[in-house]
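To start, the structure under review is shown below, and the notes come after it.
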4 protein chains.
Amino acid sequence: MNVAIIGASGYTGLELIKILINHPKFDITYIANSTGNENVQDLHPCLKNVLNVDVQKADAKEVSKVADLAFLALPHKTSMFFAKELLDLNVKVVDLSADYRLELEAYEKHYCPHEDKEHINGAVYGLPEYYKESIKNTNLVANPGCYPTASLLALLPFIDYIESGSQIFIDAKSGVSGAGKKLSEASHFANLNENIHAYNPFKHRHMPEIEEKVKLLKEKEFQINFVPHLIPVTRGMLVSVFATLKEDIDVQKVLEESYKNSKFIRIRENVVDIKSTAGTNFCDIFVAKNGKALFVNSSIDNLLRGASSQAVVNANLMCGFEEDEGIPKIAYVP
Amino acid sequence: MNVAIIGASGYTGLELIKILINHPKFDITYIANSTGNENVQDLHPCLKNVLNVDVQKADAKEVSKVADLAFLALPHKTSMFFAKELLDLNVKVVDLSADYRLELEAYEKHYCPHEDKEHINGAVYGLPEYYKESIKNTNLVANPGCYPTASLLALLPFIDYIESGSQIFIDAKSGVSGAGKKLSEASHFANLNENIHAYNPFKHRHMPEIEEKVKLLKEKEFQINFVPHLIPVTRGMLVSVFATLKEDIDVQKVLEESYKNSKFIRIRENVVDIKSTAGTNFCDIFVAKNGKALFVNSSIDNLLRGASSQAVVNANLMCGFEEDEGIPKIAYVP
Amino acid sequence: MNVAIIGASGYTGLELIKILINHPKFDITYIANSTGNENVQDLHPCLKNVLNVDVQKADAKEVSKVADLAFLALPHKTSMFFAKELLDLNVKVVDLSADYRLELEAYEKHYCPHEDKEHINGAVYGLPEYYKESIKNTNLVANPGCYPTASLLALLPFIDYIESGSQIFIDAKSGVSGAGKKLSEASHFANLNENIHAYNPFKHRHMPEIEEKVKLLKEKEFQINFVPHLIPVTRGMLVSVFATLKEDIDVQKVLEESYKNSKFIRIRENVVDIKSTAGTNFCDIFVAKNGKALFVNSSIDNLLRGASSQAVVNANLMCGFEEDEGIPKIAYVP
Amino acid sequence: MNVAIIGASGYTGLELIKILINHPKFDITYIANSTGNENVQDLHPCLKNVLNVDVQKADAKEVSKVADLAFLALPHKTSMFFAKELLDLNVKVVDLSADYRLELEAYEKHYCPHEDKEHINGAVYGLPEYYKESIKNTNLVANPGCYPTASLLALLPFIDYIESGSQIFIDAKSGVSGAGKKLSEASHFANLNENIHAYNPFKHRHMPEIEEKVKLLKEKEFQINFVPHLIPVTRGMLVSVFATLKEDIDVQKVLEESYKNSKFIRIRENVVDIKSTAGTNFCDIFVAKNGKALFVNSSIDNLLRGASSQAVVNANLMCGFEEDEGIPKIAYVP
């Protein structure tokens, strides 16, 4: 099946290219960014001797001529315009931006006015462990944010056991690639190296995304108090969920039951680290308790499970392929 | 005033040497480790052209002949034997081990049988912001652990406002120097680099230390749920305290009031990082809330405020000097 | 074709497993280390949900029953005993140790007495760009050291143009994975982080390996002055060759001519870095001159092109497959 | 003695402030940058509770009213205008830019037209080990570049023994703080982390600075072939000098003789690293030979010995103080 990658300049675009080059069922027939007119090797010198194609200036009509499905690795607000046009041309869309992740009202509160009201409500949230059947039957998947992916996979199995009205705290740590290629003070080597700090505590836009999905999936309302941190690594994400249990439960068993059929969830008996998932689509999870205090710890590759490989899993499902077809499982260790 | 450093081989021993070399009131007259018989430059090549003295095999009687105060940078269980002997010889002691940090019963539960029951109850916990007057009047200071230092300085101002019976969570991140010079899988470069992971979640021995001090100082019992992490940096410690407030309070004001007279607490309006405190005795603190959810974030240098410079502050107070005499304030930035 | 991996515990063993899992022509039928009796996932937790097989206690006879070719990722001196036994049992061998890299006399001078004099002279040096035809026709390949691989690929094209009798200098930089999993002061995170230093200057055992191959391939004797450095990265190797040219030549053209048919050499117009080759079998090369002064700069992944992926390229050639069958080309960037 | 710091915003400005705060003979009476009008703590948050003064908009006349000596930590081309004005107002100048480092002709070839022809020829090159007496008697010191400092200190003792007409190669490695605070692709964390690469090979502007000083000091002309590298550390610089000796000499003895009276040169018997000098004004040097091949290895802190602490050493000498008065000697180890 022929696929297009729109937004090839950034890290998630590059990861999509790298996965799809070796994918047994998908062929990349179109790669675009906002300017076009250069070889993909000029954008990404690591692709020399690997892929030799021209990058186009993104154009939905051209996509519809050569591809059945498009991955959109575009900025928020830009993506919705392309998605709308592609859907109207009968091209399936996996959107890696935030544009279809939230319900309309929440989106407009936390981002901006939405320009594709026709499709936003029909979009399926692309967290395969919880929305697999819907993903198989949709033309539009909203690929989850990296923090919500790791947070929800850790938190959802335990929602029914958490004390009603209690506070849920999430302390999350992300490698700097999550902030993209853009130069900034925070990603200047001399500032981040030998450093760690929180940012946007209690104010990050992934906080309402987590709250909304908990509510929709579990019909429970919790205040999710989310504090992300920037850590001095390039890729990897570790999420610590802290909550108060209603009663003493066998947390290990709850976790194992929840994911017994999940190919990409690995339950660990010892603490998880980010090296073991970097380079893969796996989410590793560990759980512990201290009386009523609950600690759930999850690890993903922020660019893969947190973006590009999860996008390809979603595309696999939308196209009737096996979930793990062509999906990276080999970690970068050491 | 003449001082001795017992336990000069490790990182905290080295930091003591580095601070005391330039201290205007203390003279180092004795440096020892468990073997003796070498120049301090062989132990620490960075001291070449800086300090040229022999390291002794530790002997309490010899210490008492040449020093009025001794810093013990020894392993737990070893330290109490030296401390006892030195105190009996009228040498003041600042003990950097855990041996006098807890009340007897708690110590024996979490560590081992105690061999100096005579002095353990009279030891003063060396957190100057909360025990200054007692420190001035004691001959034995138990220097706090690094995690308890950063955790207590963040948590204590808010204890009176936290909902009774609610869970307090601490997500702490430490540079690898906190684990000392000993080789281990966890500190192997290829394992820690580009990585982060929790260790001993809910089981670290600094957890009861924090709980006990909260109880003693504030007469309140809380379950402190403590999860430390190892991060890929050499020095620095960041602590995130999460708790549930009883009611809406002005958290910034509470913090400012608590530390208005503290020379080594810096209240930050934006998030704290570990670079700004590395190399110093400062503890930087930031606070935020989300309704009833509280987030207090503190940063220290784990080897300095978390060990050696705090030890020298305590020695300053015990000897009647100004608290900040000779204490490092210049961060390693960049 | 069925293959065995002997020596699965180390980094190169793990990399062999990771490559061969996805190799279209080779099937892993035997994995062994010195102890056996555990699942490969206990050795390498990153393989959970990826490979689920038992690790054997290494036994040559067992290998010969289930495999046609064996990769030996064993320590120097241990490897020759296994190689000898396997060759006598008609199993092809790719030896990743130093045991067959040098001629007998040089080996015994720089390592130890050799116990397989029968095979050492027939071994082929597995640098495919220079020994391809011999590799295709041998049963025993000595896989080159990481430093010699990067150094020879940079140096060999220019040997004929270097002033006779002049000194050749090589300043090489390696990530710490090259030193293996063994704990050491040098690989302690607190020692290597924020650091860089040379080791064994002019005395590293890869120096005679480079000199010998230059002499054998080019019939020219040069003193190669080799200084390796340890850098604070996990994987990657950068080699700088400095030499004096006989006369003004078009260095770019010489380089391009030398490697015009090489799939795994990428000639770069700007300086090379180690990120673009990490995760791949590529060797990137850049050349510059300043009058008669020559600078050739090469980059490889020390564990892949410097060990495991080059070993699989050699196995491909020995078995009549395409050189690049199943060989990693996708860099870890970012 | 009262001193001014002009150019307080960058890393070298910050290091000057940090040294001078604790200097027993100098008082900072004026701190300026190009904009003025802010507290120094807003420029450098790490100075909170350490220094509380306003930063001025740089003005030479104001300087002359309050200071006897000025440190200029300004960009090349900007610095010469200030230096000229200050010298005319009888203020001594230590210029950290390149503006007075070269002879006029070389400066204009490698930089731009010079606007202070009156003073450039009288400027003294501030490498104290080689120009101490001149520094004591001048009003204008050109503080050397970081690469030339480390390179010349390693190379100069051996110049007389190097084969005439042979090539000298320098492979230098610098932490990223050498490139300053400015954001760039090269200093983006995701690009530099886990990476290393050369830049400007044979074309860096510090190359003619090294060649010129060798010629002026030793009356020998050599082609210095200089290749700098960017390494994934914040501070520290390691320089490897490779050269061909005329004859067999005792290199260790030559080195020891050269620096027997130098307080800030430490000759090491084993290889040098950058951790042992980071935070100090020391230059550590190691030497080895292989027949006629020479390897000299030097290590400095690029921001201190390579800029700010060397500037204060020069100021000490210009003002008649002891060379090491107030100069940092305590390394950041670990």
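Observations on the structure shown:
- In nanometers and ordered shortest first, the copy-to-copy spacing of the residue C:115 label point, defined 7 Å from Cα toward Cβ, is 4.7, 7.3, 7.6.
- Heavy-atom accessible area, 1.4 Å probe, ligands and nucleic acids excluded: residues of region B:190-228 down by at least 20 Å² from chain alone: B:190, B:193, B:194, B:195, B:196, B:197, B:198, B:201, B:202, B:223, B:227
- When the Gaussian network model of chain B links Cα atoms closer than 10 Å, the mean-square fluctuations of B:123, B:288, B:186 top out at B:186.
- Accessible area (Å², per residue) of region C:117-184, counting only protein heavy atoms and a probe of 1.4 Å: 32
- Derived scalar couplings between HN and Hα for region B:6-13 equal 9, x, 8, 7, x, 5, 5, x Hz in order, rounded to whole Hz, by the Karplus curve 6.51 cos²θ - 1.76 cosθ + 1.60 (θ = phi - 60°), x for Gly and Pro.
- Compared with its chain on its own, region C:315-334 contains the following residues whose accessible area drops by 10 Å² or more in the full protein assembly (probe 1.4 Å; ligands, DNA and RNA excluded): C:329, C:330, C:331, C:332, C:333, C:334.
- Ranked from shortest, the separations from the 7 Å Cα-to-Cβ label point of residue A:220 to its equivalents in the other copies are 2.7, 7.4, 7.8 nm.
- Using heavy atoms of the protein chains and a probe of 1.4 Å, the accessible area assigned to residue D:184 is about 40 Å².
- Summary value for region C:202-310: 27 percent relative contact order, contacts being C-alpha pairs under 8 angstrom separated by 6+ residues.
- Karplus-based coupling profile of region B:83-99, in residue order and whole Hz: 4, 4, 4, 5, 5, 5, 8, 6, 9, 5, 10, 10, 9, 8, 7, 7, 5, with θ = phi - 60° in 6.51 cos²θ - 1.76 cosθ + 1.60 and x standing for Gly or Pro.
- Where GluC sites (Glu not before Pro) fall in DSSP loop in region D:197-246, at most 15 other Cβ within 10 Å: D:219, D:221
- FRET efficiency estimate (nearest 0.05) - Cβ-Cβ, residue D:319 to residue B:181, R0 30 angstrom: 0.10
- Computed FRET value (nearest 0.05) for residue A:164 with residue A:203, which takes r as the C-beta separation and R₀ as 35 Å: 0.90
- Bridges between two residues of region C:147-300, per DSSP, are antiparallel at a rate of about 70%.
- Inter-probe distance in nm under a simple model that places probes 7 Å from Cα toward Cβ, at residue C:216 and residue C:134: 0.5
- Computed on protein heavy atoms with a 1.4 Å probe, the accessible areas place D:136, C:109 in the order C:109, D:136, largest first.
- For region A:29-76 versus region B:216-280, the gap between their alpha-carbon centres in whole angstrom: 47
- Mean sequence separation of contacting Cα pairs (under 8 Å, at least six apart), scaled by the length of chain C, corresponds to a relative contact order of 18 percent.
- Residue A:52 paired with residue D:22, simple spin-label distance in nm, labels 7 Å along Cα-to-beta-carbon: 5.9
- 5 angstrom amide H check on residue A:274, placed H, neighbours 5+ away: B:196
- Among C:271, C:287, C:312, the largest mean-square fluctuation in a Gaussian network model of chain C (Cα springs under 10 Å) belongs to C:271.
- Chain A, rotation onto B, residue closest to that axis via Cβ, with its distance in Å: A:171, 2
- Of the residues in region B:30-53, those shielded by at least 40 Å² of accessible area once partner protein chains are present, compared with the chain alone at a 1.4 Å probe, are B:46, B:48, B:49, B:50.
- Carbon + sulfur, % of accessible area of region D:147-300 - ligands and nucleic acids excluded, 1.4 Å: 44
- Charge dipole (Cα centre; +1 on Lys/Arg Cβ, -1 on Asp/Glu Cβ; no other charges) of region D:118-204 amounts to roughly 300 debye.
- Antiparallel %, DSSP beta bridges [both residues in chain A], to 5: 45
- Between region A:135-200 and region D:176-201, the alpha-carbon center distance in angstrom: 27
- When the charge dipole of chain B is built from unit charges on Cβ atoms (+1 for Lys and Arg, -1 for Asp and Glu) and taken about the Cα centre, the candidate among B:312, B:156, B:299 whose Cα reaches farthest toward its positive end is B:299.
- Cross-link reach list, lysines versus residue A:61, counting only Cα pairs under 27 Å and skipping chain neighbours closer than eight places: A:18, A:25, A:77, A:84, A:92, A:117, A:136
- Taking trypsin sites (Lys or Arg not before Pro) across region A:256-334, the ones in a DSSP loop with at most 13 further Cβ atoms lying within 10 angstrom of their Cβ are A:260.
- Set of aspartates and glutamates near residue A:203 by C-alpha distance (under 12 Å), chain-local residues within fewer than 8 positions excluded: none
- Spin-label model distance (nm) - residue B:41 vs residue A:108, 7 Å beyond Cα toward Cβ: 7.5
- For the chain pair C and B, buried accessible area totals roughly 1400 Å², probe 1.4 Å, rounded to the nearest 100.
- Remark: label point of residue A:37 defined 7 Å out from Cα along the Cα-Cβ vector; separations to the same position in other copies 4.0, 6.9, 7.7 nm, ascending.
- Area accessible to solvent at residue B:257, 1.4 Å probe radius, in Å²: 100
- For region B:51-57, 3J(HN,Hα) computed residue by residue from phi via the Karplus equation (6.51, -1.76, 1.60; θ = phi - 60°) reads 9, 10, 9, 8, 8, 8, 7 Hz, glycine and proline entered as x.
The values are calculated or read from the model by the stated rules, or taken from the named source; none is laboratory data. Everything numeric here is computed off the predicted structure, so don't read it as measured data. Ideal geometry is used to build each Cβ from the backbone, glycine not excepted, and the neighbour counts take in all protein chains shown. SASA here: full protein model, heavy atoms, side chains in, ligands and nucleic acids out. Shrake-Rupley method; radii C 1.70, N 1.55, O 1.52, S 1.80 Å.
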